[in-house]
Amino acid sequence: MQVSSTYRYAKISPFKVREVTRAIQGLPVSAALDLVAFSPKKAAGFISKTLKSAVANAENNANLRVAALVVKEATVGEGPTTKRMMPRARGSGSRILKRSSHIRIILTDEIEIKTRDRKKRQKKKAKKARGKRKGEPTHQEKSETKPDAMAKKPSATNEEAKE
């Protein structure tokens, strides 16, 4: 089941928020909260607030276990931009664009959480499967074939030189 939470009209540029949201996509909720908690960016505070809200929605509204939740999607859209003027030289003015953003986080419990332990086990199984193939020459057999090939080549060139 999917649960979402939205933080609207956050007073920060969407460009700055997307950098943090890309980092948390696909992570389990606990890992995403840790990553956001230790991030030095201002956007991390907004994302943390939205993520905690989504977790609360999952617990209270959908009766889901927090340990099984994964960040399926974390998107940032542009909110309204307020335009301001700043005085410049010779009586002119320049525009200041104060951007805002809408942060949307979707959590799900349908995606399987992959931890490092499981990844290591899968790699070990793959290595064992590769090593037990039939018909593959071992390192000793390969080394024996190389000198024979080398020995044949010089003899052929010596015979050509004699002729």
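The set of residues in segment 50-96 that are modelled with pLDDT of 95 or more and part of a loop (DSSP other than H, G, I, E, B) comprises Gly79, Pro80, Thr81, Arg88, Ser92. Restricting attention to segment 97-154 and to residues that are surrounded by fewer than 11 Cβ atoms within 10 Å (Cβ to Cβ) and touching a strand residue (DSSP E or B) at 6+ places or on another chain (Cβ under 9 Å), the residue that is modelled with the lowest pLDDT turns out to be Thr115.
For every residue, the table says whether it meets (1) within 25 Å of Glu59 (Cα to Cα); (2) among the small types (Gly, Ala, Ser); (3) at pLDDT 95 or above; (4) surrounded by 13 or more Cβ atoms within 10 Å (Cβ to Cβ).
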| residue | (1), (2), (3), (4) |
| --- | --- |
| Gln2 | yes, no, no, yes |
| Tyr7 | yes, no, yes, yes |
| Ile12 | no, no, yes, yes |
| Lys16 | no, no, yes, yes |
| Thr21 | yes, no, yes, yes |
| Gln25 | yes, no, no, yes |
| Leu33 | yes, no, yes, yes |
| Ala37 | yes, yes, yes, no |
| Pro40 | no, no, yes, no |
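Here Ile47 fulfils each of the conditions (1) in a helix (DSSP H, G or I); (2) buried (at least 19 other Cβ atoms within 10 Å of the Cβ); (3) hydrophobic (A, V, I, L, M, F, W, C); (4) at pLDDT below 95 apart from (4).
The values are calculated or read from the model by the stated rules, or taken from the named source; none is laboratory data. For clarity, every value in this text was computed on a predicted model and none was experimentally measured. Backbone-built Cβ (ideal geometry, glycine too); neighbour counts: all protein chains shown.
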